[in-house]
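Undergrad: Here you go, one structure.
The values are calculated or read from the model by the stated rules, or taken from the named source; none is laboratory data. Computed from a predicted model, the values in this text were never measured in an experiment. Here the Cβ is made from the backbone with ideal geometry for all residues, glycine too, and neighbour counts use every protein chain on show.
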Amino acid sequence: MKRLPFCVRFCGVLLSSCLAVSAYAEPAQGDADKQASQKKSSTKANKPSTVRLDPKAKTKLDHSGEPRKGKASFYADYFAGRKMADGTPMDPNSNVAASRTLPLGTKAEVTNLDNGKKEVVEIRDRGPYIDGRIVDLSPKVAKKLDMDEKGIAPVVVTPIEVPQPDGSVMSSAATSGAATSGE
């Protein structure tokens, strides 16, 4: 095999290093504007926007026992066995749920507004952290409410027993009236 002369090899190395540097160089102002507009135009127009909420943000707990109307989603299988806010492992075959505003330990009836099916859950976790959703359900509850196919359903969450800050528990006998929107 013939060896290339030193100057040819040196020029090849020099040329390749110039190309590598230009690949990482900042684009000119006109190029940056063009790239930004290309990125905007390449997003899917029909993709629904999802607003994620900050899980570390402080949310005031609702001890009122008032029903809430909104959307429910359910835990992915990924969360099975992971620690929930109350310290227990998430069991996909239990009647547990997550709420940002209901106190941990609250027992609530969740009604699927699409079909009228109801199920009682215990709030043992915090979430969901997606705007418009008021409760995350275990896969078992989602299946019982026939929302496991769609993944999301309009629901009313009616507290049955709500732990109070003083240690007492307010029962649903104190709750009456129509559901309010949001959480």
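Undergrad: Within the stretch 68-125, how many residues are aliphatic (A, V, I, L, M) and touching a Gly at 6+ places or on another chain (Cβ under 6 Å)?
TA: So in the stretch 68-125, the residues aliphatic (A, V, I, L, M) come out as 72, 76, 80, 84-85, 90, 96-98, 102, 104, 108, 110, 113, 120-121, 123.
Then drop every residue that is not touching a Gly at 6+ places or on another chain (Cβ under 6 Å), which leaves 98.
Total meeting the criteria: 1.
Undergrad: Report, by residue number, each residue of the stretch 76-93 that is surrounded by 12 or more Cβ atoms within 10 Å (Cβ to Cβ) and either assigned to a strand (DSSP E or B) or in contact with a Ser or Thr (Cβ under 6 Å, 6 or more places away or on another chain) (or both).
TA: Correct list: P92 only.
Undergrad: Let me ask something additional. If you go through the stretch 72-108, how many residues are of a type outside the set (G, A, S), without any contact (Cβ under 8 Å) to a residue 60 or more places away in the chain and under 14 Å from P159 (Cβ atoms)? Working first, answer last.
TA: Let us first name the residues in the stretch 72-108 that are of a type outside the set (G, A, S), namely 74-75, 77-79, 82-84, 86, 88-93, 95-96, 100-104, 106-107.
Narrowing the set further to residues that are without any contact (Cβ under 8 Å) to a residue 60 or more places away in the chain leaves 78-79, 82-84, 86, 88-93, 95-96, 104, 106-107.
Going one step further and asking which of them are under 14 Å from P159 (Cβ atoms), we end up with 104, 106-107.
Residues that pass the stated criteria total 3.
Undergrad: Follow-up. I need a count of the residues in the stretch 119-142 that are more than 19 Å from P163 (Cα to Cα) and either touching a helix residue (DSSP H, G or I) at 6+ places or on another chain (Cβ under 9 Å) or crowded, with 16+ Cβ neighbours inside 10 Å (or both).
TA: 11
Undergrad: A further question follows. Looking at the stretch 124-141, which of its residues are more than 16 Å from the chain's Cα centre (by Cα) and either farther than 16 Å from L104 by Cβ or of a type in the set (G, A, S) (or both)?
TA: Matches in the stretch 124-141: K140, V141.
Undergrad: Go through (1) among the β-branched types (V, I, T); (2) under 22 Å from K140 (Cβ atoms); (3) at pLDDT below 85 for V96 and report which single condition fails.
TA: Answer for V96: the failing condition is (3).
Undergrad: When the residues of the stretch 149-183 are narrowed to those that are in contact with a strand residue (DSSP E or B) (Cβ under 9 Å, 6 or more places away or on another chain) and among the acidic types (D, E), which ends up modelled with the highest pLDDT?
TA: E161
Undergrad: Continuing with this model, one more query. Could you list, ordered by first residue, the pairs with Cβ atoms under 9 Å in which the first is in the stretch 158-180 and under 16 Å from S99 (Cα atoms) and among the aromatic types (F, W, Y) and the second is exposed (fewer than 10 other Cβ atoms within 10 Å of the Cβ) and at pLDDT below 90, at least 6 apart or interchain?
TA: Going by the 9 Å Cβ cut-off, there are no qualifying pairs.
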